[in-house]
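The values are calculated or read from the model by the stated rules, or taken from the named source; none is laboratory data. Please read these numbers as outputs of a predicted model, since none were measured by experiment. Neighbour counts run over all protein chains shown; Cβ positions are idealised from the backbone, glycine included. Areas reflect the complete protein model, heavy atoms only, side chains present, ligands, DNA and RNA absent. Shrake-Rupley method; radii C 1.70, N 1.55, O 1.52, S 1.80 Å.
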Amino acid sequence: MKKLEDYIMSIPDFPEEGIIFRDITTVIQDPQGLQMAIDTMSGFLDGLDFDVVVGPEARGFIFGMPIAYKLGKGFVVIRKKGKLPRETVSQEYELEYGTAEVEMHVDAIKPGQKVVLVDDLLATGGTMEANIRLVEKLGGKVVKVIFLIELAGLKGRKRLEGYPVESAVIYEGK
């Protein structure tokens with residue numbers, strides 16, 4: 001029987017030499033791979049009391065939406081600045097060369113709601129840290145953060161200390 005990591009394609013030297021790119025398109029294009037990913041990630045939520053699933057653009061949409069559907073929860077999007085049509089709240093964060101900003105609608109999370117954040121990859125943790133801050137600005141309480149893949153060598157989990165983090169597949173390197 002195949003394991004989830006068997007569906008992830010590793011591409012050496014992409015986007016630059018020395019990097020191993022973990023391609024999730026091979027997971028989602030295969031019916032069994034997709035089902036295994038969603039079942040594994042939603043399994044991290046067994047017995048957890050939460051109200052809503054939140055996913056950042058774009059790969060958080062891919063995994064968060066089916067998890068929310070499977071568990072009978074609503075789904076809230078986090079988008080890049082300027083992509084949402086109504087009043088928003090935003091959070092800026094540092095990139096390697098500059099900054100970026102993410103937004104949510106101001107009414108997307110109600111004060112006190114228990115939130116699960118879902119994304120495809122935990123690397124350095126900076127983007128997810130910004131997503132957490134955004135949810136908290138609206139009064140939400142992050143009760144779990146789940147990923148399909150974690151690159152443990154980049155120590156993103158350390159940046160998310162204080163929040164329960166689960167990853168379906170963990171690679172020790174970068």
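Among the residues making up the range 129-159, those that are of a type in the set (A, V, I, L, M, F, W, C) and either open to solvent by less than 10 Å² (accessible area, probe 1.4 Å) or more than 19 Å from Asp23 (Cα to Cα) (or both) are Ala130, Ile132, Leu134, Val135, Leu138, Val142, Val143, Val145, Ile146, Phe147, Leu148, Ile149.
Taking residues in the range 147-160 that are touching a residue at least 12 places away in the same chain (Cβ under 8 Å) and under 12 Å from Thr124 (Cβ atoms), and partners anywhere that are outside any strand (DSSP E or B) and open to solvent by less than 60 Å² (accessible area, probe 1.4 Å), the pairs with Cβ atoms closer than 6 Å and at least 6 places apart or on different chains are Leu151/Ala123; Gly153/Gly173; Leu154/Ala123; Gly156/Ala123; Gly156/Gly125; Arg159/Gly125; Arg159/Glu129; Leu160/Gly125. Sort out which residues of the range 1-27 are assigned to a loop (DSSP other than H, G, I, E, B) and either open to solvent by less than 50 Å² (accessible area, probe 1.4 Å) or of a type in the set (A, V, I, L, M, F, W, C) (or both), and write them in order of number. Result: Met1, Ile8, Phe14, Ile19, Ile24. If you go through the range 8-51 and pick out every residue that is touching a residue at least 24 places away in the same chain (Cβ under 8 Å) and in contact with a strand residue (DSSP E or B) (Cβ under 9 Å, 6 or more places away or on another chain), you end up with 17. Restricting attention to the range 28-61 and to residues that are assigned to a helix (DSSP H, G or I), within 30 Å of Glu136 (Cβ to Cβ) and touching a Leu at 6+ places or on another chain (Cβ under 9 Å), the residue that is most open to solvent (accessible area, probe 1.4 Å) turns out to be Arg59.
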